[in-house]
Structure formats: structure tokens, C-alpha cells
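The values are calculated or read from the model by the stated rules, or taken from the named source; none is laboratory data. Keep in mind that this is a model prediction, so the values were computed, not measured. FYI the Cβ positions are ideal-geometry reconstructions off the backbone, even for glycines, and counts take in every protein chain you see. Keep in mind that these areas ignore ligands, DNA and RNA; they rest on the heavy atoms of the full protein, side chains included. Shrake-Rupley method; radii C 1.70, N 1.55, O 1.52, S 1.80 Å.
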Amino acid sequence: AIRRLADAFLSNPKEITVAPPSTPAETVTQGLIVVSHAGMGGLKEKRAALRRLIDSEDVRNALIFCNRKRDVGVVHRSLSRHGYDAGLLHGDLAQSQRTDVLDRFKTGELRLLVCSDVAARGLDISDMSHVFNFDVPTSPEDYVHRIGRTGRAGRSGRAFTIAVPEDGKYVTQIEKLIGKAIPRIA
């Protein structure tokens, strides 16, 4: 019986490949905003650019990605101080805190969720209207993964990235991977 099973398997093999996505869905509209300064002045400019984007877009719900946990807290405090209903999610939160903030986000009590890549892995929120990259990811695959949180199941989504001039090499790597330029927004 084992021999027949082995013969059947070998005569009809299946190949399963797991690879990172290389291109974003066509249903995702992308945009790139470049602010002029890096350093602390650039951080303030990036926060202002993020608020302008949120205010100018019809944001039903959004993930806001930061590269560092420290920046997750900074961006969250800034948004809260300016009256936005935002939560934060990163790997150092207790499981009960993560569960609470995710429940509040999924029910619409929180419209914005500032998070790190680690915390955002595995989130399954089916109808995400927007993704904002507060920081340009240093890996082009992370860019595709981040913006893939919107525009799912044939729905349209919008993804915006805020960059400083020093992020140019990362933007170039992303554009090479996705095979096109990310449209610049004034």
C-alpha cells in the first residue's frame, strides 16, 4: 500500500513555491511625496505631510508604517495631539494591548493605526482604504508587502509614501522591483 502511494505521488508531482510578492496589485493607486529636509526638521515636515495627506484623502481606515518602534510612538503622539483617532501597534506591546487596539481599529473606533512592520505581519483586515509609509522601507519587498494591505479582493486602495532626499536609493530599489516609477505628488 505504501509503495502504491509513493508511486502515485511520484507519477503526479506538485510544485509549491513560496516567494515574496514582486509587484503590487493594479487596484492600488500609489504616490510619493518628497519633503526637503532630513533629520529632526524632516521629521516635523514628514508629520505635516502625513496630516495633509490624511486630510485630503477620503480615509476610511489606514495603516501608517514606520521603520522604527520609536517613530511609531512619535507619529502616534503627533496625530493624537492634532485630534486624529489613532492607535499604535508594535512588537513591544503586551498581547492584551495589541488585541485591544486591533479590535478598536477593526470596529472603526480608531481610523488610523500607526505600526511597525513586525506588528503588521499577519493582520487580515479585508477592506483597508489606505496605507501610508511614513518611512520608506529599506527593503523593496517590504514596500510591496505594506501597500498590499490595501486594494485586496478587487477593491481599490491608495498607498502613499513620504520620503526625504536621502531615501533616494531605497525608492530606486522599490521602483526597480515593481517595474515602474511611483508617481510624485507635489
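At-a-glance table
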item: Selection count, the range 109-120, where residues are over 16 Å from V75 (Cα atoms) and either touching an Asp or Glu at 6+ places or on another chain (Cβ under 9 Å) or modelled with pLDDT of 95 or more (or both); result: 1
item: Criterion violated by R184 - all others in (1) open to solvent by less than 20 Å² (accessible area, probe 1.4 Å); (2) touching a residue at least 40 places away in the same chain (Cβ under 8 Å); (3) more than 17 Å from the chain's Cα centre (by Cα) satisfied; result: (1)
item: Of residues in the range 63-90 being of a type in the set (A, V, I, L, M, F, W, C) and free of Cβ contacts under 8 Å to residues at least 40 places away in the same chain, the one surrounded by the most Cβ atoms within 10 Å (Cβ to Cβ); result: L88
item: Failed item in (1) surrounded by 14 or more Cβ atoms within 10 Å (Cβ to Cβ); (2) of a type outside the set (F, W, Y); (3) in contact (Cβ under 8 Å) with a residue 40 or more places away in the chain; (4) assigned to a loop (DSSP other than H, G, I, E, B), with L93 passing the rest; result: (3)
